[in-house]
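The values are calculated or read from the model by the stated rules, or taken from the named source; none is laboratory data. Note that the coordinates shown come from a computational prediction; the quantities given were computed from them, not determined experimentally. Reconstructed Cβ throughout: ideal geometry from the backbone, glycine too, with neighbour counts over all protein chains shown.
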Amino acid sequence: MSTIRTALRSLLACGLTFPLLALPGAAQPRPPAALQETMDIGDEPGRVSTEEVSISEGPYARQMVLFRSNEAPGTVVIHSGERFLYVVQGNGRALRYGIGVGREGFTWSGQVQVSRKAEWPDWRPPPEMLQRQPYLPRFMAGGPGNPMGARALYLGSTVFRVHGTNQPETIGQAISSGCFRLANGDIVDLYDRVPVGTKVIIRHKATL
């Protein structure tokens with residue numbers, strides 16, 4: 001036993017570390033689900049994500065779903081609480097996309113129109129974002145490393161947009177400053193379907 005202890009001391013002295021082994025039946029701490037959906041993930045300017053990146057599996061994958069609505073086909077309906085964006089198709093159906101939404105304190109609702117569209121938009125972080133992340137650039141030209149992603153739909157006269165992202169793993173989370181983000185492949189698909197002037201309804205959750 002003393003030989004084993006001596007050997008362990010020698011290894012530790014060399015800077016080696018060992019993973020802790022979980023005891024059988026011992027409870028392992030896990031972050032709450034709510035916390036996982038509102039993680040304070042900083043933007044990563046310069047991280048590259050191409051137009052081809054889409055959510056291909058799970059609930060946030062682009063898919064046709066049953067959707068009861070009195071809105072005209074082509075209307076965009078965003079349910080931020082559910083993390084979904086719908087394009088009404090008529091006949092009780094809609095094309096659904098998984099989205100990332102505003103973190104607590106940055107959610108909003110209302111009705112606007114798509115006022116402008118842009119491919120590979122430039123990025124100017126708003127003051128409240130710069131206050132939280134002062135290391136961010138004040139301006140970044142559009143491109144694959146831009147956090148605004150491959151496309152953007154500008155919402156009325158607000159500062160908010162539906163846009164792509166170079167962080168596709170954040171889809172389904174509440175992390176933005178009020179904008180709605182899709183994986184690049186999904187925003188490219190949406191961009192081609194939604195013309196300027198499209199009605200956009202933002203709700204926190206579905207209404208009966």
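Within segment 184-204, which residues are in a loop (DSSP other than H, G, I, E, B) and at pLDDT 95 or above? Of everything in segment 184-204, those that are in a loop (DSSP other than H, G, I, E, B) and at pLDDT 95 or above turn out to be 194, 195, 196, 197, 198. For residue 174, the conditions (1) surrounded by fewer than 22 Cβ atoms within 10 Å (Cβ to Cβ); (2) more than 16 Å from the chain's Cα centre (by Cα); (3) aliphatic (A, V, I, L, M); (4) closer than 22 Å to residue 127 by Cα all hold with the exception of (2). Scanning segment 169-185 for residues that are over 12 Å from residue 98 (Cα atoms) and touching a His at 6+ places or on another chain (Cβ under 7 Å) yields one hit, 179. Residue-level check: of (1) in contact with a Leu (Cβ under 7 Å, 6 or more places away or on another chain); (2) surrounded by fewer than 21 Cβ atoms within 10 Å (Cβ to Cβ), residue 180 misses just (2). In this structure, does residue 160 turn out to be touching a Cys at 6+ places or on another chain (Cβ under 6 Å), surrounded by 13 or more Cβ atoms within 10 Å (Cβ to Cβ) and within 24 Å of residue 204 (Cβ to Cβ)? Taking the combined requirement at face value, the residue satisfies it. Look at (1) surrounded by fewer than 17 Cβ atoms within 10 Å (Cβ to Cβ); (2) of a type in the set (D, E, K, R); (3) under 21 Å from residue 179 (Cβ atoms) and you find that residue 82 fails only one, number (1). Within segment 134-151, is even one residue of a type in the set (A, V, I, L, M, F, W, C), under 18 Å from residue 113 (Cα atoms) and under 18 Å from the mean Cα position of the chain (by Cα)? There is no residue in segment 134-151 that is of a type in the set (A, V, I, L, M, F, W, C), under 18 Å from residue 113 (Cα atoms) and under 18 Å from the mean Cα position of the chain (by Cα). Each residue in segment 85-129 was checked for being assigned to a loop (DSSP other than H, G, I, E, B), touching a strand residue (DSSP E or B) at 6+ places or on another chain (Cβ under 8 Å) and either buried (at least 20 other Cβ atoms within 10 Å of the Cβ) or not basic (Lys, Arg) (or both), and 10 pass. Filtering segment 130-157 to residues that are basic (Lys, Arg), farther than 16 Å from residue 184 by Cβ and outside any loop (DSSP other than H, G, I, E, B) leaves only 132. Can you tell me which of (1) under 18 Å from residue 172 (Cα atoms); (2) of a type in the set (Gly, Ala, Ser); (3) touching a residue at least 60 places away in the same chain (Cβ under 8 Å) is the one residue 105 doesn't meet? Failing condition for residue 105: (3).
Okay, residues lined up against (1) of a type in the set (Ser, Thr, Tyr); (2) out of contact with any Ser or Thr (no Cβ under 9 Å at 6 or more places or on another chain); (3) modelled with pLDDT of 90 or more:
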{"site": "135", "(1), (2), (3)": "yes, yes, no"}
{"site": "139", "(1), (2), (3)": "no, yes, no"}
{"site": "142", "(1), (2), (3)": "no, yes, no"}
{"site": "145", "(1), (2), (3)": "no, no, no"}
{"site": "148", "(1), (2), (3)": "no, no, yes"}
{"site": "154", "(1), (2), (3)": "yes, no, yes"}
{"site": "159", "(1), (2), (3)": "no, no, no"}
{"site": "162", "(1), (2), (3)": "no, yes, yes"}
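Regarding residue 76, is this residue modelled with pLDDT under 50 and among the β-branched types (Val, Ile, Thr)? Here the answer is no, as residue 76 does not meet what is asked. Report every pair of residues separated by at least 6 positions or lying on different chains whose Cβ atoms are under 7 Å apart, first residue within segment 148-171 and under 21 Å from residue 60 (Cα atoms), second part of a loop (DSSP other than H, G, I, E, B) and of a type in the set (Phe, Trp, Tyr). Going by the 7 Å Cβ cut-off, the qualifying pairs are 150/120; 171/60.
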